[in-house]
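The values are calculated or read from the model by the stated rules, or taken from the named source; none is laboratory data. Computed from a prediction, not measured in an experiment: that's the story for all the values here. Note: ideal-geometry Cβ built from the backbone for every residue, glycine included; neighbour counts use all protein chains shown.
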Amino acid sequence: MIEFDRVVKYYGTHRALDGVTFTVPDGCVTVLIGPSGCGKSTSLKLVNRLLEPDDGYVRVDGRPVKSFAVEELRRGIGYVIQSAGLLPHMTVQDNIGLVPRLLGRDKTWRRTRALDLLELIGLDPHSYARKYPSQLSGGEAQRVGVARALAANPPVLLMDEPFGAVDPLNRETLQNEFISLQRKLKKTVIFVTHDLDEAVRVADRIVLMQDGLVIQEAAPEELLGHPSNAFAREFVGTDRALKRLGRFSVSDYMSQDTSRVESEDHTSVPASATLREALSRILAVPSDQIPVRDAQNRILGSISLEAIRRAGYGGAST
Amino acid sequence: MKARSSLIVVTFIVLFLVFGSFVFSVSFRATILRVLFPATRELIYLRTGLPHMLGEHLSLVLLSSVLASLAGFSLGVFVTRSCGRDFLPLVRGLSNFAQTFPPVAILALAFPVLGFGFRPTVAALFAFGILPVLNNTIEGIESVDAGLIEAAQGQGMTPSQVLLQTELPLAARVIVAGIRTSVIINIGTATIGATIGAGGLGTVIIAGLVRNNTAFVFTGAVTAAGVALATDWLFSRLEQVFFNPQDGGRSGHDSTRHSS
């Protein structure tokens, strides 16, 4: 667990963090979000002490970060940044093995670990291990950046706009890969972004910040359903009810009843999709329900406009 | 492509042999000079042999350049550390100012203080040779992306690891270019050392100027130029070996050349 306790940070005379308090529970993804200059990246860098607070405490597992030797602290926390930050004079394999090397792991261990991690992030180990960062696409470099952060198997990951420099199509792929990776690894993640859609997709909890203050700390459904003030309402947007549907899975709201759907219906929705996608597809057909199919394209049931409306109504009323 | 590169190699070997013969074979040199300066009676400077002057010249340059590179590099690293950063504007300003000094002026200023001979010349060449190394060390290190340094710190590198494993490898190309400039300038400037009795290739040039003997001037100038060209070529080979195209963005070569 990571705790921010009335943290204050000045840049010159500018109060970048104005008494920030929130907690990051173990094993889930906490997203820090807000407009630029709200203090989200500053908060992140206080955890691995790239910045030091002027007042207040940052604690990891109850222990103030100040009490750690700074290099030891950083080697125990995975750090992923925008445009990956890979060292251009080292191969992919050496970049991934960087923290283990600093920790004194031998060459064979590092090589095996690098190949395993390349496999895990979906890059062919043998063709990528010896490449240089300049030979990677943006998305590949970002995946390697994640692999590097995972190399020493740290319990905590800090991700500073990790997918911000990747084009939208690749960004969504990377987000989905990250979500499934996180499901396996259960790291304690602090994830900074200014992209609400990204936050809603990856977050277990969202901390909304503005001008160095925490405005709201809540689960994504809660933030979208009940934004706590005018700023939060404006930030989540007028389509927040739609965004909120993105948090619900079709498989949880579909009906097993297949009697009213025709198997030759052209429009259907996969069971793994979100209610937001299902709604979008229903709106494109004259009927008020469409079939739900599994990965093998078999019909499992149907999802109706009524079911989606009921799911959305749960919290979208303010 | 292959035919062209082997042609270049052959050209280099021929040039090298011609240059070597010119320096070490008096009769070969005399033959060439007779063709170029038919009117001159005294073609060969007899007081000191050319190989000896070349040796003096090389030791002047080698000693001063090694010291200057070490000093320039160390100072450059110091003023880019957090403990020395306060001195950065001062050192930068001084260095840029000092570079506008002509080397002759440095020598002229050095000899009243340091006297005649080898040592004051080395001192003057050293002082002048520091600047390109210092400037390039500062610029090389300062040009490393700040985000990259933060990334390296964020992974848990100590300050000395950041310097040795991130900043210096990425700045190496620019730093070596500074050393290259420094050495090449020193090879030319060292000829002036002869005016205060340091020996070297300047000896024969000065003698030629005094006696109005163009063959002497030519002998000294061509030899110094040959040394400068050879050194330059040596540096470019070194750069190709150490900054291979595999690291793509850093060396400026086509990164796709790397395979397997």
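When you scan region A:275-290, how many residues do you find that are over 11 Å from residue A:245 (Cβ atoms) and touching a Leu at 6+ places or on another chain (Cβ under 8 Å)? If you could, list the steps in order and put the result at the bottom.
Taking region A:275-290 and keeping what is over 11 Å from residue A:245 (Cβ atoms), we get A:281-290.
After this cut, where a residue has to be touching a Leu at 6+ places or on another chain (Cβ under 8 Å) as well, the list is A:282, A:288-289.
The number of residues fulfilling the criteria is 3.
Check A:201, A:247, A:276 and return the single one that is in contact (Cβ under 8 Å) with a residue 12 or more places away in the chain, part of a loop (DSSP other than H, G, I, E, B) and in contact with a helix residue (DSSP H, G or I) (Cβ under 8 Å, 6 or more places away or on another chain).
So the residue among A:201, A:247, A:276 that is in contact (Cβ under 8 Å) with a residue 12 or more places away in the chain, part of a loop (DSSP other than H, G, I, E, B) and in contact with a helix residue (DSSP H, G or I) (Cβ under 8 Å, 6 or more places away or on another chain) is A:247.
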Search result, residues across region B:105-162 that are in a loop (DSSP other than H, G, I, E, B) and at pLDDT 90 or above = B:143, B:144, B:145, B:155, B:156, B:157, B:158
Sort through A:213, A:275, A:279 and tell me the only one that's in contact with a Cys (Cβ under 9 Å, 6 or more places away or on another chain) and at pLDDT 90 or above.
-> A:213
Over region A:198-256, the set of residues crowded, with 18+ Cβ neighbours inside 10 Å and β-branched (Val, Ile, Thr) is A:200, A:202, A:206, A:207, A:214, A:215, A:236, A:250
Would you be able to say whether some residue in region A:55-68 is surrounded by 15 or more Cβ atoms within 10 Å (Cβ to Cβ) and assigned to a helix (DSSP H, G or I)?
-> yes
Exactly one of (1) over 20 Å from the mean Cα position of the chain (by Cα); (2) over 23 Å from residue A:310 (Cα atoms); (3) not in a helix (DSSP H, G or I) is unmet by residue A:231. Its number?
-> (3)
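Here is a yes/no grid of residues against (1) part of a helix (DSSP H, G or I); (2) touching a Gly at 6+ places or on another chain (Cβ under 7 Å); (3) surrounded by 16 or more Cβ atoms within 10 Å (Cβ to Cβ); (4) outside the structural domain of residue A:79 (by TED's automatic domain parsing):
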{"residue": "A:147", "(1), (2), (3), (4)": "yes, no, yes, no"}
{"residue": "A:154", "(1), (2), (3), (4)": "no, yes, yes, no"}
{"residue": "A:169", "(1), (2), (3), (4)": "yes, no, no, no"}
{"residue": "A:180", "(1), (2), (3), (4)": "yes, no, no, no"}
{"residue": "A:192", "(1), (2), (3), (4)": "no, no, yes, no"}
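Looking at region A:2-21, is at least one residue within 14 Å of another protein chain (Cβ to nearest Cβ), crowded, with 19+ Cβ neighbours inside 10 Å, in contact with a helix residue (DSSP H, G or I) (Cβ under 7 Å, 6 or more places away or on another chain) and without any contact (Cβ under 8 Å) to a residue 60 or more places away in the chain?
Taking region A:2-21 and keeping what is within 14 Å of another protein chain (Cβ to nearest Cβ), we get none.
Checked region A:2-21: no residue is within 14 Å of another protein chain (Cβ to nearest Cβ), crowded, with 19+ Cβ neighbours inside 10 Å, in contact with a helix residue (DSSP H, G or I) (Cβ under 7 Å, 6 or more places away or on another chain) and without any contact (Cβ under 8 Å) to a residue 60 or more places away in the chain.
Given the criterion modelled with pLDDT of 95 or more and either part of a helix (DSSP H, G or I) or farther than 29 Å from residue A:71 by Cα (or both), identify the matching residue among B:179, B:185, B:205, B:192. Walk me through it before giving the result.
On the way: B:185 fails: modelled with pLDDT of 95 or more; B:205 fails: modelled with pLDDT of 95 or more; B:192 fails: modelled with pLDDT of 95 or more.
The conditions single out B:179.
Of all residues in region A:63-78, which are within 7 Å of chain B (Cβ to nearest Cβ) and either under 13 Å from residue B:148 (Cβ atoms) or without any contact (Cβ under 8 Å) to a residue 60 or more places away in the chain (or both)? Spell out how you get there, then give the answer.
Here is the first cut: in region A:63-78, the ones within 7 Å of chain B (Cβ to nearest Cβ) are A:71, A:74-75.
Selection gives A:71, A:74.
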Within region A:161-210, can you find the residues that are under 18 Å from residue A:136 (Cα atoms) and of a type in the set (Gly, Ala, Ser)?
-> A:164, A:165
Scanning for something among the polar types (S, T, N, Q), assigned to a loop (DSSP other than H, G, I, E, B) and surrounded by fewer than 16 Cβ atoms within 10 Å (Cβ to Cβ), does region A:105-126 turn up at least one residue?
-> no
Just one of (1) within 14 Å of chain A (Cβ to nearest Cβ); (2) in contact (Cβ under 8 Å) with a residue 24 or more places away in the chain; (3) touching a helix residue (DSSP H, G or I) at 6+ places or on another chain (Cβ under 8 Å); (4) not hydrophobic (A, V, I, L, M, F, W, C) trips up residue B:159, so point out which.
-> (3)
Residue match in region B:15-33 (condition: modelled with pLDDT of 90 or more, closer than 17 Å to residue B:213 by Cα, exposed (fewer than 10 other Cβ atoms within 10 Å of the Cβ) and not charged (D, E, K, R)) = no
Restricting region A:128-152 to residues that are basic (Lys, Arg) and under 22 Å from residue A:75 (Cα atoms), the one nearest to the other protein chains (Cβ to nearest Cβ) turns out to be A:148
